[in-house]
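Working notes for the structure below.
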Amino acid sequence: MRLFGMLLLSASLLFGAHVRWHSDFHAAHQEALQTGKTLMVLLLQSKRDGTAHKMLTTLFMNRPYIQQINSRFVAVLLSSNQTDSYPIEMLYTLTYPTLFFLDAQELFTCKPLRGSFSAAQLKQHLVECR
């Protein structure tokens, strides 16, 4: 039993912290309403893009701010071709990726992060988007 506990702890350290992403905007919005959290919507041109995958692994895994994201936000990961599952007129952009922050009424809580951004920029934006 002790060995199993050690293996479980090792596995959790190996895989590290990650953002708990939703793929359905409307379900995430309902969760945000129920929990009083802000929506954090990452809009990618394509989820299958290698650049998007690299960004997700470098900015949204194993970072000190991951726990903050999971506790304060309902995170939604969308691609631009999902036009039926998110309000495209509200989250319109020509720049990918774009990270939006929305309150319960789907109003912007702060300016979106557009294009390539670093972990330091994301961390600072999380502080500003309260």
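Below, the figures for the structure above:
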read-out	value
Peptide ranges 50-58, 96-104 listed from the most packed, as the mean C-beta count within 10 angstrom indicates	96-104, 50-58
Cα centre as origin, Lys/Arg/Asp/Glu Cβ charges: the stretch 17-128 dipole, Debye	480
Lysines with Cα under 23 Å of LYS37, excluding same-chain neighbours fewer than 8 positions away	LYS111, LYS123
Full-extension gain in nm, THR109 to GLU128, via 0.36 nm per residue minus C-alpha separation	5.9 nm
Sequence ranges 69-77, 113-121, ranked by mean other-Cβ count within 10 angstrom, highest first	69-77, 113-121
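Throughout, read-outs are computed from the coordinates displayed, never taken from laboratory work. Please read these numbers as outputs of a predicted model, since none were measured by experiment. Reconstructed Cβ throughout: ideal geometry from the backbone, glycine too, with neighbour counts over all protein chains shown.
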